[in-house]
Every structure is written in C-alpha cells, then in structure tokens.
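The values are calculated or read from the model by the stated rules, or taken from the named source; none is laboratory data. Worth saying up front: this structure is predicted, and the values here are computed from it rather than measured. Note that each Cβ is placed from the backbone with ideal geometry, even for glycine, and that neighbours are counted across all protein chains shown.
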C-alpha cells in the first residue's frame, strides 16, 4: 500500500540498531518558524483549519523535509484533538493558547466523560495516510498523542496554566475524580494511537508535556501509571516514544514503562541518562531549543557536545528537549541537522578505525 | 544588642544537629494569602513601598508568626533590590510582575554595570535590624538574595520570561558578556548578604529560582559557579542555604558548593536526595504548594509522607518546594505547621523508644 522506506535510520535507532549517522528530527519541526508554514496557515484561516484538513496537514508536515535532510516526519496535529472529540469545545483565540469551552471540574462533568467516537478524529487518521503517501518512503512518519495526565491538565484547567492549581487541587482533594479522568484518557489515547498506526504511522510518541510539574510520588501514580496503561494496549509492531518534559528524576521508571524510546530534556546529561537506563531503551534529545539563537558556531559546538555526551553506542535520536521556538532562524536548523549528520558519521568512522 | 534566641530548632537543623521537632517555615510566608498583609500593603501603597520602609517590612515579616508557630522568619524584601540599586529602574505595574526600565542587553550596558553602592540598599539592612529587634529572640531571621544567574535572567530579559530567550541567546552567542554580568552579580550578592548578616540576619538564603531552566553543563558554568563564588566570600558565622528550583539533576554539585543547607523542590524524593547528598548538607523542602489546596486531611497526610521520606535523621527543615500561592487558605498553613510539629515530635519519641 505504501512505498518502501528509503531512510530507516530513525526506526533503527529506536530499536537500538547501528546507523550510519545519528538520525535527527525536531519537535514542532513543521511550525511557525517557517515562512511557508505561515503562508499555508493563512490560507487555512486557523490552526485547527490546518489540522482538520488532511491535504493542508500533509503540506505543512512535508515543508521542513523540503528544507532540511531530517530523518523523520511527524504528523501535523495538536495534542488536544482527543478532548475536543470528547465534546470539550476546543478553540484557539488569536495570539493565545488553546482553550476549552467546557472544562471538566466537578463530579457531574467527570461522570459525563467517555472515550470519544473515533469517527470524530477521522481527519487525523486521514492525514496520517495522506502524509504516508506524500512521503513516498523518504523517511518514517511519527504519530502522536498527549499523555493521559497532560490531557487532564488542559481538560481540568480549561487552558494552559502557570501553576496547575485546579488540576492539582483535584489531585489532592478528589483523587478519585482525577483517576476516573485519567482512566478514560488512557483508554482514549490507546485507541487513538492504534488508529494512527493502522492508518500508517510508523512510530508513535506520547507527549507527557506536563508530567514534570508533579511531585515525586504523584508523578508515578497520576502520570506514569496511565502512560504505562496506554503502552500496554498499543500495537507494538511500531516503536513507542515517551517524552516527559522535566522527567529527569524518573528516568528509570519511565524507561521501564514499556516504551522503546525515552525523550529527555536539556537538564539531563545524555551520558548520565544512558548510564541510568542502560540498554533498556533508546534516548531522544536533548538540545535546549534556545541554542538555535546562539549563531552557527554555537549550534555546531553544542550539537557535537550532545553527540559526544551520548557517545559511541547505538540508540540515540537527536532532537531538541522541547518544541522549536517560533522565532528560530531556519538557517540555525540547517546548521544543526548538517552538524549532527556530519559529526556523527565522522565519529563512527574514527571509532571504527580505532578498533 | 539583640535578645537571646528562644527557639533555635531552625539553626540547629541547618547544622544537622538534633531537634525536638522538625522546624518549618514557608517561602513567601509573609504574603498575599494573608488578609493582614494585604491591609498593610494597601496602607503602603505598593509592594516596593512595603519593602523600602523598614517599619512596614517589619510588620509584614512578623504577621505569619502571629498566626502560626513557625520556626523561622524571613526578611520581607524582593530578589530584585540589587539590580535596582545598580540603576536598572525596577517597577511593579499593577497586576503584573517586576519590570526593569533599563535591561542589560548589549556590550555598552554590560560595560556600564558595577557593584552598587550599598548605601542605596540601606533600607534592606535597616529592615533586618528592625525585624531582629521586633522578633526579640522568638525565632531566627533569614536574610536572602537572588542568585547571580537568577538576577541576570531578570536583568537581561527586563522582566519575567517563559523561555529565557534573551538571556540564553546571550549565553550561547556572547558568553563573555554574560560571564561579566555574573561576576558583577556574584560580587554584589556577596557584599549584600554580608551586610545583611552584619545587620542581624542569622542565616542567609540564595534563591536560584531560574537555575533549573539551564541545560546540563550551562547550569554548572553559568549558575552554580557564581553561587559558589558568593558562598566563598560570605561571613560563615551564619549558615547559608542554596535553593535551586528544578535543581534536582545537580544535587551533588550543589551540595558541594559550600552551603550548609540545600533547598529542594517537590519533584525530588527526600529519601533519594538525602542518600545523594549524604551527611554533607541539611535539606530544606519540599511540599508542592498546591497540596495546601487539597483540604486538611490531604495536607496532613502529605506532610507525614514528606517527613517519613526524609526519615529519622537530623538536618531536615520542612518547607514548600516554592513560594506559597496567593490563594492559599490560611487554615491549610495552620494544619501544615501543626502536623509537621506534632508528627515529627511523635516520630522522634517512637524512634527513641525503639532503640
């Protein structure tokens, strides 16, 4: 049905198999730092206009690949499509973050919550299939979802938050309500990701963007336990990546969650992270997106430092430690991708010659 | 000159000496969650009106001690007094965070920067002395400053930031400029804290509120190195506390920085933190401030969990892992302080009886 894969370095690294160079892709690589993205978005009228039209989602997903020799594509979509399909009424006001018209804050709202009809998310699965066809085997396509906890943050807060006061108040005062939300989210995310895999996704990633705001103990019980539930239900013919922003304290339990790859942010030393997780998982990360504002020499130097820190082992997927910033100069991305490929290839040659 | 100290449990815990109960105080304990604070602030006209009038700073510093049997007082002031004295023009707009009229963003601004005349900060030292007299030996008084890096964040950004793009761009593109700012900040903070000690502060705390946003490597070079420089210059007749929000990844090097006490946030397990730092330092923390929104039973249960996690060893100062939230119900603080005292005292008795 789909063309055979030409560049499989990303999938090989996910499985900790040797690759000729360290594969690289960037979180939010299809995004506002690219003028061509902004042009398509203007045509679409809105962010959700882009996400809900498979041909437009396909167009923007492929844009960064036209500029940079990235080793993976990631579905253009939003982590909040699932709660939107639950009927919470997602909107993006001009210049603001996402907002839900019907946040889930009391017993009645929690009782009314259910796994959404996946037909409402057909636009996502259609986009996956459309992108796979458009990629024609160049690089693999990653599907994704928010983690059960991260979705719950938005569902309870109704929007982004500085302090997560509403969702944490529920966590401490009414843990039963939050557990019910999380159980429904876990079931929904599993069904959602399996449908993406069926539609053509060649890897899936769970974004636990807000796991790192939880206290030790609460993270394990309210975030990781439900991510694990998702992973246990997934079609495991494709690799799964779990990325917890601020998840450094819990690398070992995250690595034992059943994912093939663990994403790490820039506060973590790749050398120490690799030591802590051993051969259980591959690691993805972890450049501070702000390095891309430091000029070409700094970008190349920091890329080399990260590659050296991980060292000569299979199982590294180069990435940022968070989504790329909207004001990033595209030339910095070009330098980064070039340096990762060039330096990792050279290091492998030197290392092989030394043996 | 000052009355002898009655309750020395905080100072003893800083030195890892045994105490009858675990001492407790809360970051921002004198603050907006107290109606009497809001009344004084209204009289003062503004936040800086409070901070710059020693009699008003004294009044609000003592307010939480009238309500709760806290084991330490902390100077009421702001971390940005030092850059304000450098001439950056601090202001607090209604309902917004702090702002500098003259941020430090280019070579010329960095060249013009100097250690401020401490006479401009006399109001801080006068407040320290006034508070010491008003405390009359009830509990010790903690003085404080922002860390060199945290001050630099505000000085370069000109205000709070989500992504620290300006200061991190400087870090990666012009590290020489940032190092120059940090060197001046370190010198200024050392002189500032020594003057607080001379005025009567019985412990000092360095708030590295934004250390945790740095990448591994950058944290050591741009934050910890300069905090260490401060500590090396301090009058060590009083204990020093270093608190790095998000500093979990670097507990060992922070514990080796020369401070007697390391503050930790709620992402860190106290048991693991204690194991990592050994007997080198006392630990301060680490309840998630959001626990205080969970109702009395949850507050008491989470307090016991934190105390049990640290275990039966000297050297624990109970605190939150961040400043108390402005909407915190004061009754929750009463329950927390009561539970920390009651449960830690009982645990010591049980533990002693078992020996």
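Key figures
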quantity	calculated
Qualifying residue in the stretch B:47-62 (condition: modelled with pLDDT of 95 or more, within 17 Å of residue B:132 (Cβ to Cβ) and touching a strand residue (DSSP E or B) at 6+ places or on another chain (Cβ under 9 Å))	yes
Test: residue in the stretch A:80-89 that is surrounded by fewer than 17 Cβ atoms within 10 Å (Cβ to Cβ), more than 14 Å from chain B (Cβ to nearest Cβ) and over 30 Å from residue B:289 (Cα atoms)	yes
Extreme residue, nearest to residue B:202 (Cα to Cα), among residues of the stretch B:74-95 that are part of a loop (DSSP other than H, G, I, E, B) and within 21 Å of the chain's Cα centre (by Cα)	B:75
Total residues in the stretch A:254-279, condition surrounded by fewer than 21 Cβ atoms within 10 Å (Cβ to Cβ) and touching a residue at least 60 places away in the same chain (Cβ under 8 Å)	1
Lone unmet requirement of (1) part of a loop (DSSP other than H, G, I, E, B); (2) touching a helix residue (DSSP H, G or I) at 6+ places or on another chain (Cβ under 9 Å) for residue B:6	(2)
Hey, residue B:115 within 20 Å of residue B:188 (Cα to Cα) and buried (at least 19 other Cβ atoms within 10 Å of the Cβ) or not	no
Checking residue A:235 against (1) outside any loop (DSSP other than H, G, I, E, B); (2) closer than 30 Å to residue A:133 by Cβ; (3) in contact (Cβ under 8 Å) with a residue 40 or more places away in the chain, the condition it does not meet	(1)
Conditions (1) in contact (Cβ under 8 Å) with a residue 60 or more places away in the chain; (2) within 14 Å of chain B (Cβ to nearest Cβ); (3) within 21 Å of the chain's Cα centre (by Cα): number failed by residue A:161	(1)
Within the stretch A:98-109, tally of residues that are part of a loop (DSSP other than H, G, I, E, B) and over 20 Å from residue A:148 (Cβ atoms)	1
Residue in the stretch A:178-200 that is within 14 Å of chain B (Cβ to nearest Cβ) and touching a helix residue (DSSP H, G or I) at 6+ places or on another chain (Cβ under 9 Å) present	yes
Options A:282, A:306: the member that is under 17 Å from the mean Cα position of the chain (by Cα) and either buried (at least 23 other Cβ atoms within 10 Å of the Cβ) or modelled with pLDDT under 95 (or both)	A:282
